[in-house]
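Novice: Can you read through this structure? Questions will come right after.
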Amino acid sequence: MDYNRYASIIIEQQDTICYICDIDTYELMYVSPAGRRIVGAVSEAGWLGHKCYKLIQGRDAPCPFCTNSKLRQGEKYCGEFFNPNLQRYVALEDTLVDIDGKLCRLEMATDITDQKMAIHELKNQLTADEALVHCIQTLTLESDMKLAIDRLLEIICKFYAGSRAYIFEYEFENKIIKNTYEWCAEGVSHEIENLQNIPIEYIAGWNRMFAERGEFFITSLSGELDHNSEEYRILDAQGIKSLIAAPLLKDEKIIGFLGVDDPTVNTEDKPLLRSVTCFALADIEKRRLLKQLEYMSYNDALTGLQNRNKYIDVLQSYNERQPERLGILFLDLNGMKAANDSYGHAYGDYLLSHAAEILRRNMGDNSFRIGGDEFVSLCENISKEEFEKRVDSLRCEVREDKDCSAAVGFV
């Protein structure tokens with residue numbers, strides 16, 4: 001295999017756009033596979049002998065910017081060019097080559113569209129990036145998560161010069177959405193109290209758009225939404241004319257969204273909203289985790305009652321805030337060890353949960369599991385008559401319940 005054959009194999013395998021044309025007739029003599037793909041000429045008949053300016057530039061005459069007259073043997077002509085026909089940016093390297101005694105133009109073009117667009121986007125995103133940095137700093141430096149997210153919404157709302165920015169979160173088990181955070185510009189009424197427990201089906205169209213486009217911009221409420229739809233009714237009732245929104249995604253599942261009502265500037269910068277949702281979601285998830293940890297710290301996983309930690313906290317709080325009246329009831333299950341030994345711990349767990357339900361039903365939510373089979377209820381600021389009525393009800397239920405044997409004491 002000779003050198004020319006090796007060179008041909010190498011060029012055929014590259015993504016570089018390359019062609020050779022006659023500098024006198026402009027007829028194409030060779031087009032690389034990458035070049036053929038980009039001009040849509042797969043077969044040889046689709047490019048061989050065609051005019052370069054026609055096939056590549058979409059012109060009917062030689063290009064006014066043609067480099068033929070500028071080329072010198074042994075020298076390269078380099079530059080960048082935007083091809084309006086192909087809608088691509090390319091870096092050019094043109095050279096005169098001798099083919100069978102005839103001078104031809106060899107053009108090597110590297111597609112730099114992605115790089116150019118990235119630079120263009122970076123320039124356009126300078127303000128957006130500054131806003132994003134501001135958002136990140138706010139979330140990082142503010143210890144109060146609610147204040148941090150409220151401040152983030154303020155930054156976003158002002159960036160888009162909107163009227164209101166907000167976060168909605170989904171409750172899939174209840175099939176509803178809730179407005180959990182909002183920030184309103186001066187003179188704009190708060191709507192968060194009016195936007196609770198909304199059926200998730202009302203925004204089915206939004207969820208489709210989130211899935212298909214990610215963030216979206218409704219430029220005209222009246223022009224883009226069905227006037228008979230619930231989403232139009234809800235938005236129109238708030239006086240909203242347009243909005244921009246982006247989904248909150250967790251494990252590729254939409255769990256909420258962040259939106260801005262009536263944005264008037266920077267509406268082409270929807271990616272900023274997408275970026276902000278990532279950081280907002282992290283803080284929302286942190287809040288949920290902390291609430292879950294707090295619940296686990298103060299609640300008994302088996303019975304659902306408050307646990308010993310919470311009981312001690314309540315007792316300590318009485319040092320500063322003593323109730324005027326306090327009814328206290330102790331309940332201690334009988335025979336737990338024998339039940340566990342005879343019927344297994346699953347049965348023992350059932351007895352504990354069953355007793356907890358009886359306690360909660362009669363004495364209220366301020367009930368605690370403070371040991372293995374020991375329970376306490378605290379009834380604050382209750383009359384003696386009402387307290388004794390509750391105790392009698394509980395003792396009666398325990399007495400008649402075949403699964404609950406317990407010692408009960410009260411004061």
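Novice: Could you pull out every residue, at least 5 positions away or on a different chain, whose amide H is within less than 5 Å of the one on residue 410? Hs are placed 1.01 Å off N in the peptide plane, and Pro or chain starts have none.
Specialist: HN-HN under 5 Å from residue 410: 330.
Novice: Which pairs in the list 116/241; 175/402; 291/337; 146/250; 158/241 are over 28 Å apart, alpha-carbon to alpha-carbon?
Specialist: 116/241; 175/402; 291/337
Novice: How far apart, in nm, are the 7 Å Cα→Cβ label points at residue 366 and residue 178?
Specialist: With each label point 7 Å from Cα toward Cβ, the separation is 2.4 nm.
Novice: Tell me, in nm to one decimal, what length is gained between residue 324 and residue 103 on full extension, where the rule is 0.36 nm per residue of separation less the Cα-Cα distance?
Specialist: Extra length available between residue 324 and residue 103 comes to 68.9 nm.
Novice: Taking a probe of 1.4 Å, how large is the accessible area per residue of segment 244-331, in Å²?
Specialist: 56
Novice: Another question about this same structure. Please give the calculated 222 nm ellipticity per residue for the chain, where each DSSP H segment of at least 4 residues contributes -39500 (n - 2.57) and the sum is spread over every residue; nearest 500 deg cm²/dmol?
Specialist: -13000 deg cm²/dmol
Novice: Kindly identify segment 339-386 as rounded, prolate or oblate by the Cα gyration tensor criterion: order the square roots of the eigenvalues as a ≥ b ≥ c, call it rounded if a/c is under 1.5, otherwise compare a/b with b/c, prolate if a/b is larger, else oblate.
Specialist: prolate
Novice: Next up: With a/c under 1.5 counting as rounded, go ahead and sort segment 174-320 into rounded, prolate or oblate using the C-alpha gyration tensor (a ≥ b ≥ c being the square roots of the eigenvalues; past the cut-off, prolate if a/b is larger than b/c, else oblate).
Specialist: prolate
Novice: Run the numbers on the chain and let me know its relative contact order in percent, using alpha-carbon pairs under 8 Å that are six or more apart.
Specialist: Contact order relative to length: 9 percent.
Novice: Counting only residues 5 or more places away or on other chains, whose amide H sits under 5 Å from the amide H of residue 306 once H atoms are built in the peptide plane?
Specialist: Hits under the 5 Å cutoff: 300, 367, 369.
Novice: Related question: Order these peptides, 402-409, 319-326, 387-394, 273-280, by their mean beta-carbon neighbour count within 10 angstrom, highest first.
Specialist: 273-280, 387-394, 402-409, 319-326
Novice: Please list 332, 251, 341 from largest to smallest accessible area, probe radius 1.4 Å, with all protein chains kept in place.
Specialist: 251, 341, 332
Novice: Another one. Of the heavy-atom accessible surface of the chain (probe 1.4 angstrom), what whole percent is carbon and sulfur?
Specialist: Using a 1.4 Å probe with all protein chains present, the chain comes out at 51 percent carbon and sulfur.
Novice: I've got another one for you. Starting from the Kirkwood Rh over alpha-carbon pairs, what translational D in µm² s⁻¹ does the chain have by Stokes-Einstein at 20 °C and 1.002 mPa s?
Specialist: In µm²/s, the coefficient rounds to 74.
Novice: Which parts of segment 373-391 would a label at residue 407 reach, counting a residue when its backbone N lies under 17 Å from a point 7 Å out along Cα-to-Cβ?
Specialist: 373-377
Novice: Quote the FRET efficiency, to the nearest 0.05, computed for residue 286 versus residue 171 with a Förster distance R0 of 22 Å and r equal to the Cβ-Cβ distance.
Specialist: Here the calculated transfer efficiency is 0.75.
Novice: Calculate one ³J(HN,Hα) per residue across segment 306-311 by plugging θ = phi - 60° into the Karplus curve 6.51 cos²θ - 1.76 cosθ + 1.60, and present them in order as whole Hz with x for glycine and proline.
Specialist: Result, ordered by residue: 5, 9, 5, 4, 5, 4 Hz.
Novice: Still on this structure, please answer the following. As an exercise, use a Förster radius of 35 Å and the Cβ-Cβ distance of residue 278 and residue 317 to find the FRET efficiency, rounded to the nearest 0.05.
Specialist: Once the sixth-power term is evaluated, E becomes 0.35.
Novice: I would also like to ask the following. Between residue 59 and residues 5 or more places away or on another chain, which pairs have amide H atoms under 5 Å apart, with H built 1.01 Å from N, and which residues are they?
Specialist: 54
Novice: What list of ³J(HN,Hα) couplings, whole Hz, do you get for segment 181-197 from phi and the Karplus terms 6.51, -1.76, 1.60, once you set θ to phi - 60° and write x for glycine and proline?
Specialist: The phi angles translate into 9, 7, 9, 10, 5, 4, x, 9, 6, 6, 10, 4, 5, 8, 10, 10, 6 Hz.
Novice: Kindly list the residues of segment 227-250 that lie in the label zone of residue 194, defined by a backbone N under 12 Å from the point 7 Å along the Cα-to-C-beta vector.
Specialist: 233-240
Novice: Could you derive backbone 3J(HN,Hα) for segment 254-261 from the dihedral phi with the Karplus parameters 6.51, -1.76 and 1.60 (θ = phi - 60°), listing whole Hz in sequence and x where the residue is Gly or Pro?
Specialist: Once θ is set to phi - 60°, the couplings for segment 254-261 become 6, 10, x, 7, 10, x, 10, 8 Hz.
Novice: Further question on the same structure: For a quick protection proxy, order the peptides 70-81, 41-52, 359-370, 234-245 by their average other-Cβ count within 10 Å, most packed first.
Specialist: Highest mean packing first, the order is 359-370, 234-245, 41-52, 70-81.
The values are calculated or read from the model by the stated rules, or taken from the named source; none is laboratory data. Predicted model only: the values in this text are computed from it and were never measured. Ideal geometry is used to build each Cβ from the backbone, glycine not excepted, and the neighbour counts take in all protein chains shown. Accessible surface is based on the protein model in full, side chains and every heavy atom, while ligands, DNA and RNA are left aside. Shrake-Rupley method; radii C 1.70, N 1.55, O 1.52, S 1.80 Å.
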